[in-house]
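Here the structure comes first, spelled out in structure tokens, and everything after it is commentary.
Rule-based calculations on the coordinates, nothing more; no lab input. From a predicted model like this one, the values you see are computed outputs, not experimental measurements. Heads up, the Cβs are rebuilt from the backbone with ideal geometry, glycines too, and the neighbour counts pull from every protein chain shown.
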């Protein structure tokens, strides 16, 4: 009897536990305002913003004149972008450390910072290299 009760209990608990683990990596699986939801949503939004930044950057690099001996716009932009990525990552890691309390919030703030900086960088590149009058 006791074994049957344990098996019945496990049969009812196991599907619920399995369903909970299947949804742990999506923002909608977590309560509004939680660190997990905030951080996971920032990841989703950052991937989209990164795609837009990369498309903008590639378009601009291709549009620049070829590098010459005394003028190298492509090389300069490529170097600047590489340094910007390093700065964004380091800056946002620091912001996460000082803004968040527990580890999950530190990670969420880091992700939100990267999202904001990535969107700003995309807008900056467009403004500097793709003016409306060109």
Legend entry - Gain on full stretching of the segment that runs from residue 43 to residue 68 - 0.36 nm per residue minus C-alpha separation: 5.1 nm
Inset, instruction - Could you please rank 36, 117, 104, placing first whichever residue has the fewest other Cβ atoms within 10 Å of its Cβ? - result: 104, 36, 117
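Which ordering of 116, 70 is given by a fewest-first count of other beta-carbon atoms within 10 Å?
Details: 116 17, 70 5.
Arranged by neighbour count, lowest to highest, 116, 70 become 70, 116.
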Inset, instruction - Neighbouring Cβ atoms within 10 Å as the yardstick, rank 118, 38 fewest first. - result: 38, 118
